[in-house]
Each structure stands twice: as structure tokens, then as C-alpha cells.
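For reference, the structure is listed below as C-alpha cells.
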Amino acid sequence: MSAPHLPKVAGINPAVPIPAHTVAPLSDALPPVPAAPDPGPAPSALIQDRLAGWVSDLTTLHELTERLARTGDLEGSLEELLRAGASLVGARRGLAVLEPADGLGPATTIGLGLGRADLGHIETVPRSATSFGRILDGLPEDPAGGSGGPREHADPDLLGEEDLDPRHREVAARLGFAASYAVPLSTGSSVRLGAAVWLYDEPAEPHERQRHLAGLYIRYATEHLARVLELTRTRADMATLTEELLPSRLPWIPGVQIAARHRAGPRGGGDWYDALPLPEGALGLAVGSVSGSGPGAVAAMGRLRASLRAYAVMEGEDPVAVLSDLELLLRLAEPARSATALFAYCEPAAGKLVLAGAGHCPPLVTGERRTEFVETSLSAPLGMLACWEAPSVELDAEPGETVLLYTDGLLHRTGDRMDRALSRLHAATATAPRALRTDPSSLVDHVLRVMLPEGLDGPDASGGAEDVVLLAARFE
């Protein structure tokens, strides 16, 4: 008799059951297959991690270089370089030594987390024993090696070095640093500017990635320092030239005390002042400003001031004639320039002043009874019209009163509108303590402190580059 057929389900033949006499399953007959090893992260993941690290490094460098680019002076640039370098190499303190190889200066040392006394202690270490000294002097990293200084110098364990200079060891122990990492500050054209050193509290040194990032940053920072250094030198030269063109000392005239302050703007401007003795015990006071900035404006200022002195000696009793002659000279010799000027002919014994202005700010007279601006007629600057002319103004100064002459740079540097700046000048003078009113030098310093709280050498609130001139004459 034949075996019965299993029923079909949904038109599919059911699986034939395994007979009872068949062998064991293949999985039971063969030895177990070992598990495949873990392949680990995919290659694409490694590439993504590496790219993410590069992007992070580039972002960090971009932020640090942007911060450095916003600095405009040497001290600020060096301080920012030290802060950025410390974050890149993992240090807390450091110092930067600016010492240009051309010997033209300026030379300075800036510390990060180090006070003036700390820097003084470091300077007592023999120069050849310090890492920055070896870099600056071009000494070999290995005393037995060849010539040429090291590109960088790492001391991962200063106190553990047997041949460390005793003074260096003493200073390191006193200041609490155990390792250092120094790099030269040299431009791409191999012009040495100085060296930077970062100090570690414990034995350590930057790893390869930190050194690479620090090297990229230093490469940019040194080029920035080179530009700032050149700008600083130019400004110093311009300031020196300007000061040489102004009076080296003020005259002593019976019956009057004189004081003056002048600071050149960052690009060098054409503001000037003068005080010169005239015949019969008279005195000539002048302030002025030439349009423009830079060497050309400074040179024009020198020529204009020298010419005004000559005209004042010849016809100083008539300030209008003095300025008229000066205007004619300006139109003939400097046709592309204009200038403002104010000249006052003073008789100290009588306390009389006759003055004329050409587009210049009004003088300010201050004393026990009054503080007011002298009303001068509205006039155009020199060189603006075909023929300049303006009436003169007479002023009687009482004993103890001081007359202030100034340039508009004093007003512009406040950052206020002209009317508000004039009000500030009036208030600063009127509220001066009585003790300061007897000394014109103290009075002008007080006015400058009130008008410019950040000082003449601080940032210009107006964002410009104005010169500042303030001339004071106190009548006795």
C-alpha cells in the first residue's frame, strides 16, 4: 500500500520531512567556524575624523590671526602673540624679546603672566644660558655643533639638566617654571625680529601637532610684527622731525608765562605753534595747521612756520598783514594746500593782545572773573580764496588771566561734535582748581587730561590721526 500524500497549502508543495534514518545535520558534524575579527572603524570614518581635526585647527588659527591683525602697536601685537602661542603649545606663561637684527630698534621685552620684577630676574641670567639668548645671538643649539642658531629650542626638564647654568637654575626655581619652549621671530626673508619663550610649570614640551600649529601661527605673526615695526619706526621718525621743526624752548618774556603741549598724530600732521620775542618787549603767539598728513604736511608746516616768524618780525604789530603775507606765500609756494592759522601780537606789560585768525578755532581766556571764548570774525582758511582778508580783534587780559590757543585736533580727538567739544573745553578750563591757574603748564596738563581721558598717546576717539597743539600764555 502506498504512503499518503501530504496536503498542498496555497498551491505550494510542503517541505519533505527528514527521514528518521538520515545522518546528523552538517552543523553538528563539522567543527565550529571561528568568528570573524572585528574590522574596526571604516576607512571613511578615519578620514572624516582627520578632516574634522584639520578644520578645527584651521578655525583656531583663523581666530588667532584675526585677533592679531586687529592690533596696531608693537606692545599689543607682542602680548597677543604670547597669549595665542601659549594656548597653542599648552603653556601658561612666557615672554617675547623684540630685538631687531638691524640694530635700529626699538628693543623691548614683554611678559605673559610675568611681572616687571620677574622679567628683571630673568634678565640676570647670562644671555648665552637662555634659550632666547642663543636664538638672538645665533649660537648653535649644541655647543659642539656647527654655526647658526636653532630654529626652535625646547628644554623639557630644566631643573633636571646637569649642565644648566647655576643662575638659570636659581631663577627657574624662584619663578616656579620647570620647562621652556623658545622659537625665533623671523620673517620669511630671514630678517630676525626677536624670540618668544613659553614657560611650563612642570617638566613638559609641546608635541608634534602643537609645534606644527605654533609654527604656522608664528610664521604669520612675524610678518605682522615686521609691518607694525616699520610703521612704529616711521611714526617715531615723523614725531622726531616734527618736534625738531617746532621751538626747542619757549622764550622768557617779563610779564608773561608760556607753556605748550604738542603731540603728532600716528601719520604725522601739520599742526604747529610758536612763541617768539618781538621788538620793544612784545611777544608773538601763533598756532596753525596745514592740511594733509605725512612727510609732505610736516615739511609744509616747517616752511610755513619759518615764514610766519619772518613776517612777524617785520610787521608783527599788524596780525592781519602777517596772515595776508602768509596766505600769499602759501598760494605761490603750496598751491595744492590750505592752512588755518591764528597770530596774536601781545604787549605783556599792558596786557593787550591784537589777534587775527584764518579759519582757526577761537582763543579761550580764563581767569578769576571769566572764562570765555574770544569772538573772532568768521574767516576762510589760508589758500582757499583768491585774496584773504579778515579784521583783527583786540583783547585786554587782566593780571592772572590765561589765554589758550589750540588747534582743532584737540576738539576732534574727543570724538564729539564741534559745539560739544568746545563746551567740554570751556568746562575743563572753568573748573580747573585755583592752584592750577597760577601755572600755565599745570593748566594745560589739566585741560588735556579732562578733554582726553585716555591721554594723548591713547587711541583717538574720532578714529582719525589728528595732531594736538595747546599753547597757554598767563599774564602777570
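For the structure I just gave you, tell me whether LEU330 is touching a residue at least 40 places away in the same chain (Cβ under 8 Å), under 22 Å from TYR311 (Cα atoms) and either assigned to a strand (DSSP E or B) or polar (S, T, N, Q) (or both). The answer is no for LEU330. Applying the condition of being open to solvent by 20 Å² or more (accessible area, probe 1.4 Å), among the aliphatic types (A, V, I, L, M) and touching a helix residue (DSSP H, G or I) at 6+ places or on another chain (Cβ under 7 Å) to region 239-272 and asking which residue is farthest from LEU98 (Cα to Cα) yields ILE258. Whether any residue in region 217-234 is under 27 Å from ASP137 (Cα atoms), touching a residue at least 24 places away in the same chain (Cβ under 8 Å) and of a type in the set (Gly, Ala, Ser) is what I want to check. There is at least one residue in region 217-234 that is under 27 Å from ASP137 (Cα atoms), touching a residue at least 24 places away in the same chain (Cβ under 8 Å) and of a type in the set (Gly, Ala, Ser).
Note on region 424-467: residues that are over 25 Å from VAL256 (Cβ atoms), within 30 Å of the chain's Cα centre (by Cα) and either open to solvent by 50 Å² or more (accessible area, probe 1.4 Å) or modelled with pLDDT of 90 or more (or both) amount to 9.
Suppose we filter ALA321, ALA282 for residues that are over 23 Å from LEU410 (Cβ atoms), free of Cβ contacts under 8 Å to residues at least 40 places away in the same chain, among the hydrophobic types (A, V, I, L, M, F, W, C) and open to solvent by less than 30 Å² (accessible area, probe 1.4 Å); which single one remains? Spell out how you get there, then give the answer.
Numbers: ALA282 fails: free of Cβ contacts under 8 Å to residues at least 40 places away in the same chain.
Testing whether each residue is over 23 Å from LEU410 (Cβ atoms), free of Cβ contacts under 8 Å to residues at least 40 places away in the same chain, among the hydrophobic types (A, V, I, L, M, F, W, C) and open to solvent by less than 30 Å² (accessible area, probe 1.4 Å) leaves just ALA321.
Residues of region 150-191 that are modelled with pLDDT of 90 or more and part of a strand (DSSP E or B): ALA154, ASP155, ALA179, SER180, TYR181, ALA182, VAL183, PRO184, LEU185, SER186. The residues of region 385-417 that are open to solvent by 40 Å² or more (accessible area, probe 1.4 Å) and assigned to a loop (DSSP other than H, G, I, E, B), listed by number, are LEU385, ALA386, CYS387, GLU389, PRO391, SER392, GLU398, PRO399, ASP408, GLY415, ASP416, ARG417. Among residues of region 67-90 that are closer than 24 Å to ARG211 by Cβ, those with a Cβ under 7 angstrom from a residue that is basic (Lys, Arg) and not in a helix (DSSP H, G or I), sequence gap 6+ or separate chain, pair up as ALA86/ARG92.
Consider ALA129 carefully, then state whether it is open to solvent by less than 30 Å² (accessible area, probe 1.4 Å), modelled with pLDDT of 95 or more and not polar (S, T, N, Q). Outline the logic, then answer.
On the way: open to solvent by less than 30 Å² (accessible area, probe 1.4 Å): yes; modelled with pLDDT of 95 or more: no; not polar (S, T, N, Q): yes.
The answer is no for ALA129.
When ALA344 is tested against the conditions (1) assigned to a strand (DSSP E or B); (2) open to solvent by 30 Å² or more (accessible area, probe 1.4 Å), the lone failure is (2).
Scanning region 236-272 for residues that are in contact with a Phe, Trp or Tyr (Cβ under 9 Å, 6 or more places away or on another chain) and within 21 Å of SER307 (Cα to Cα) yields THR242, LEU245, LEU246, PRO247, ALA260, HIS262.
Residue under question is ARG420, and the condition is that it be open to solvent by 80 Å² or more (accessible area, probe 1.4 Å) and not in a loop (DSSP other than H, G, I, E, B); does it hold?
Numbers: open to solvent by 80 Å² or more (accessible area, probe 1.4 Å): yes; not in a loop (DSSP other than H, G, I, E, B): yes.
Criteria met by ARG420.
Against the criterion of being closer than 19 Å to GLU375 by Cα, assigned to a helix (DSSP H, G or I) and among the hydrophobic types (A, V, I, L, M, F, W, C), LEU425 qualifies.
So, of the residues in region 352-384 that are part of a strand (DSSP E or B) and aliphatic (A, V, I, L, M), which turns out to be surrounded by the fewest Cβ atoms within 10 Å (Cβ to Cβ)? Steps first, please.
Step one: list which residues in region 352-384 are part of a strand (DSSP E or B), which gives 352-358, 364-366, 371-373, 382.
Pick out the ones that are also aliphatic (A, V, I, L, M) and you get 353-356, 358, 364-365, 382.
Numbers: LEU353: 25, VAL354: 18, LEU355: 24, ALA356: 25, ALA358: 28, LEU364: 22, VAL365: 22, LEU382: 28.
This residue is VAL354.
The values are calculated or read from the model by the stated rules, or taken from the named source; none is laboratory data. Values in this document were obtained by computation on a predicted structure and should not be read as measured data. FYI the Cβ positions are ideal-geometry reconstructions off the backbone, even for glycines, and counts take in every protein chain you see. Quick note on the areas: whole protein, heavy atoms, side chains included, nothing else; ligands and nucleic acids left out. Shrake-Rupley method; radii C 1.70, N 1.55, O 1.52, S 1.80 Å.
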